[in-house]
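The values are calculated or read from the model by the stated rules, or taken from the named source; none is laboratory data. Not measured: the values here are computed from a predicted model. A quick note on method: Cβ atoms are made from the backbone with ideal geometry, for glycine too, and the neighbour counts reach across all protein chains shown. Side chains included, ligands, DNA and RNA excluded: accessible areas come from the protein's heavy atoms. Shrake-Rupley method; radii C 1.70, N 1.55, O 1.52, S 1.80 Å.
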Amino acid sequence: MKFKTVKEVISWKNFILDGEIYDLSHLNADWVEYLDKRDEKNIITYNFIVTYGLHCFTKDSDDISSEESQLLMYNGPRESRTFNFERYQVSKQLPSIVKSLGEKETLVCHAGYGKFAIVKVLDSNGIEVEYFIAFAAFRESKRLRLHIHSAYPIYEGIGKVKKVGFFVIAKNLLQNKELPKP
């Protein structure tokens, strides 16, 4: 697919270590359609272009040697960071989680820095974890956009959050209104 107006990475290059390929195509830009069925007589369709950032599969690591860091370095267009195997494995679930943003089972809440975040309990390597996904919702060249800045497991709980409806975000974007604030 071509996304001429998108300013983020559209197609991630794979990470290769010791001849093993870590496929990142699941994080390539994609269209996602959301159906707001809260009013059965007036179903609204929202089409978003979704992109994913480098922080979904990389992490700054102070606990590895400089040699390991060089071997694990992933060079993106704007920055370089250490490839993280745990984040990579869990990121394979990101496309299906992003598609579930409008569902009641998915918690959408305010995160820091004016961005929205969702939290969903996922199973990672046999361990049940909460998965924190920080994303921004905006318009770009008259199109609705979601950019996933970062996604990572949280092991010590999320604390108190303020919920926000995903379809409130989508409707406000579509109508050029201000997004909900915490």
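With respect to being touching a strand residue (DSSP E or B) at 6+ places or on another chain (Cβ under 7 Å) and closer than 28 Å to residue 18 by Cα, residue 70 falls outside the description.
Basic (Lys, Arg), out of contact with any strand residue (DSSP E or B) (no Cβ under 7 Å at 6 or more places or on another chain) and over 23 Å from residue 166 (Cα atoms): does that describe residue 13? Even if it seems obvious, please write down each step before you answer.
Values: basic (Lys, Arg): yes; out of contact with any strand residue (DSSP E or B) (no Cβ under 7 Å at 6 or more places or on another chain): yes; over 23 Å from residue 166 (Cα atoms): yes.
So residue 13 fits the description; yes.
A Cβ distance below 6 Å, combined with a sequence gap of six or more or placement on separate chains, defines the contacts here; from the stretch 61-80, residues that are over 14 Å from residue 9 (Cβ atoms) reach residues that are modelled with pLDDT of 90 or more and not charged (D, E, K, R) in the pairs 61/82; 69/82; 72/82; 72/83; 73/80. Looking across the stretch 85-111, the residues that are closer than 16 Å to residue 168 by Cβ and touching a residue at least 12 places away in the same chain (Cβ under 8 Å) come down to 101, 102, 106, 107, 108, 109, 110, 111. Residues of the stretch 78-95 include at least one that is touching a helix residue (DSSP H, G or I) at 6+ places or on another chain (Cβ under 7 Å) and of a type in the set (Val, Ile, Thr).
Which of the strands (runs of 3 or more DSSP E) found entirely inside the stretch 110-182 contain at least 3 residues meeting this: modelled with pLDDT of 85 or more and touching a helix residue (DSSP H, G or I) at 6+ places or on another chain (Cβ under 9 Å)? Steps first, answer last, please.
Numbers: elements: 116-124, 127-140, 143-154.
Qualifying strands (runs of 3 or more DSSP E): 127-140, 143-154.
Is one or more of the residues making up the stretch 99-106 modelled with pLDDT of 85 or more, in a loop (DSSP other than H, G, I, E, B), closer than 24 Å to residue 15 by Cα and among the charged types (D, E, K, R)? The answer is no, given that none of the residues of the stretch 99-106 is modelled with pLDDT of 85 or more, in a loop (DSSP other than H, G, I, E, B), closer than 24 Å to residue 15 by Cα and among the charged types (D, E, K, R). Being under 22 Å from residue 178 (Cβ atoms) and small (Gly, Ala, Ser), is that true of even one residue in the stretch 94-109? Yes: the stretch 94-109 contains one or more residues that are under 22 Å from residue 178 (Cβ atoms) and small (Gly, Ala, Ser).
Number of residues in the stretch 40-88 that are closer than 30 Å to residue 139 by Cβ, over 18 Å from the mean Cα position of the chain (by Cα) and β-branched (Val, Ile, Thr): the value is 3.
Could you list, in sequence order, the residues of the stretch 158-182 that are open to solvent by less than 40 Å² (accessible area, probe 1.4 Å), over 14 Å from residue 49 (Cβ atoms) and out of contact with any Gly (no Cβ under 9 Å at 6 or more places or on another chain)?
Going through the stretch 158-182, the residues open to solvent by less than 40 Å² (accessible area, probe 1.4 Å) turn out to be 164-167, 169-170, 172-173, 180.
Next cut, over 14 Å from residue 49 (Cβ atoms) only: 164-167, 169, 172, 180.
Listed by number, the residues that qualify are 164, 169, 172.
Every residue, every condition in (1) open to solvent by 30 Å² or more (accessible area, probe 1.4 Å); (2) closer than 23 Å to residue 132 by Cβ; (3) out of contact with any Gly (no Cβ under 9 Å at 6 or more places or on another chain); (4) not aromatic (Phe, Trp, Tyr), yes or no:
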residue: 10; (1), (2), (3), (4): yes, no, yes, yes
residue: 15; (1), (2), (3), (4): no, yes, yes, no
residue: 28; (1), (2), (3), (4): yes, yes, yes, yes
residue: 40; (1), (2), (3), (4): yes, no, yes, yes
residue: 45; (1), (2), (3), (4): yes, no, yes, yes
residue: 76; (1), (2), (3), (4): no, yes, no, yes
residue: 85; (1), (2), (3), (4): yes, yes, yes, no
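Residues that are farther than 30 Å from residue 86 by Cβ and not charged (D, E, K, R) were ranked within the stretch 1-48; the one that is modelled with the lowest pLDDT is 5.
Sub-7 Å Cβ pairs linking a first residue in the stretch 6-22 that is in contact (Cβ under 8 Å) with a residue 12 or more places away in the chain and closer than 16 Å to residue 73 by Cβ to a second residue that is open to solvent by 50 Å² or more (accessible area, probe 1.4 Å) and of a type outside the set (Phe, Trp, Tyr), at least 6 apart or interchain, are 17/71; 22/14, ordered by first then second residue.
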